[in-house]
Amino acid sequence: MMGTASAAPAPAAPTDRPLRPDEGIVRDELCFRDDGTFTVVQFNDTQDGHRTDVRTTALQEAVLEEVRPDLVVINGDVIDGSPTTAQEAKQAINNVVRPMEDRGIAWALTFGNHDEDSSGTTGLDEGDYLRFVAQYRHNVNTPGAHDVTGSGNQVLTVRSAASRADAFAVWLLDSGRYAPEEIAGQDFEGYPDWDWLRPDQVQWYLHASQQLEKKNRAVVPGLVFQHIALWEHRFMWFASVDSRSEADHARALTKHSIVGERNEDECPGPFNSGMFAAMLQRGDVKGLFVGHDHINTYVGDYYGIQLGYGPGTGFGTYGLGGGEDHRLRGARVFHLDESVEGVYAGTELRFAADYGIDGAAGVQPGAPRDFPEGVR
């Protein structure tokens, strides 16, 4: 179990039966520090091949050394479609998880639209990747909830520093890849053609949230990480569904307390998944954070739930272009504190420029890193 408890564990609250990992509910892997704090770092879109840009690793290591997080989430598009062999795909993943593994920091990943781009060549899919990362000592992924769309849908609870109660929840969802070519004979021309959460995933979240409440005799606050944005991200930026003007955004800045940049359109799927309405009903989720759109960094308060982006971390994929191409390479940091109402104490960004990392345009491929002992 990561973290250090400050008191002897209290007996668990009674429940009908244990909450098992095969339900996607993972307990007793994480706990708050003695002082009741816990820090999460979100890396996004590391998105490279087996010769990961050296600045991606440098950025990860700089953030980890400064922030000293308790958990890291690589929130989708961990690798790109360039690997030509299974070994290269594993090397690409290994390159970006070693910074956490070497420091003994718990880490997990979600999947994005690009992680299986090389599957036809390498023979590895998301299930294979989950089995691969399970070999790492500090990985906290599981296969996820059974019979639910996607791979690795799970919730990791963070135990209180003073008891065995679940004081916080970190939700990891697989937002999929791309929309199908057509549905009912109709294509998606004119619509965003990425994927979306399916109803069974939303139903699983509702059920697991209720199970955690029952187990702890209280709603357990949490954060959700998934790769692809919700439609509500775009609605929030403009404080509108239909109108998308500068005046709309000016109103949204105040209404939704938006901070950060939006340099490209949000890229959700063609359908609204209903996830936001589900979170609003349950009242447990404090924020839902995504990647996918590398050059968006904003966060805002959308009717009591923060919606936001982690900036693209990887230097090997698209950025702003030109001389500013790598200006927004970075990470997002989340602070949890048991002494704060709702436990969630806020979020902030870290950028490569903060650490003096070279922002020159272009790529700087590195050599594949060795696998840790016991990983192959």
Query raised in the report: Taking into account only those residues within region 99-114 that are in contact with a His (Cβ under 8 Å, 6 or more places away or on another chain) and assigned to a helix (DSSP H, G or I), which is surrounded by the fewest Cβ atoms within 10 Å (Cβ to Cβ)?
Result: E101
Query raised in the report: Within region 80-90, which residues are surrounded by fewer than 23 Cβ atoms within 10 Å (Cβ to Cβ) and either within 17 Å of L130 (Cβ to Cβ) or in contact with a Cys (Cβ under 9 Å, 6 or more places away or on another chain) (or both)?
Result: A86
Query raised in the report: Looking at T57, is it β-branched (V, I, T), modelled with pLDDT of 95 or more and buried (at least 18 other Cβ atoms within 10 Å of the Cβ)?
Result: yes
Report task. Would you be able to say whether some residue in region 190-200 is within 17 Å of F289 (Cβ to Cβ) and touching a Lys or Arg at 6+ places or on another chain (Cβ under 8 Å)? Result -> yes
Report task. Could you please give the count of residues in region 339-365 that are under 15 Å from R329 (Cβ atoms) and in a loop (DSSP other than H, G, I, E, B)? Result -> 9
Query raised in the report: If we scan region 354-365, do we find a residue that is within 20 Å of the chain's Cα centre (by Cα) and either under 28 Å from T52 (Cβ atoms) or surrounded by fewer than 24 Cβ atoms within 10 Å (Cβ to Cβ) (or both)?
Result: no
Query raised in the report: Within region 56-67, is even one residue among the polar types (S, T, N, Q) and without any contact (Cβ under 8 Å) to a residue 40 or more places away in the chain?
Result: no
Query raised in the report: Among the listed residues V363, V343, which satisfies the condition of being of a type in the set (A, V, I, L, M, F, W, C) and at negative phi?
Result: V363
Query - Which listed residue is surrounded by 22 or more Cβ atoms within 10 Å (Cβ to Cβ), among the acidic types (D, E) and either closer than 30 Å to D200 by Cβ or touching a Phe, Trp or Tyr at 6+ places or on another chain (Cβ under 9 Å) (or both), from D77, D147, D128, D117 - result: D77
Report summary line: Within region 289-338, the count of residues that are of a type in the set (G, A, S), free of Cβ contacts under 8 Å to residues at least 40 places away in the same chain and in a loop (DSSP other than H, G, I, E, B) comes to 3
**Report entry** Given (1) within 15 Å of the chain's Cα centre (by Cα); (2) farther than 21 Å from P69 by Cα, number of the condition D117 does not satisfy
**Finding:** (1)
Requested in this report: Give me a count of the residues in region 287-334 that are among the acidic types (D, E) and either under 15 Å from the mean Cα position of the chain (by Cα) or closer than 19 Å to F235 by Cβ (or both).
Outcome: 2
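The values are calculated or read from the model by the stated rules, or taken from the named source; none is laboratory data. These numbers come from a predicted model, not from an experiment. Because the Cβ atoms are built from the backbone with ideal geometry, glycine has one as well, and the counts that use them run over all protein chains shown.
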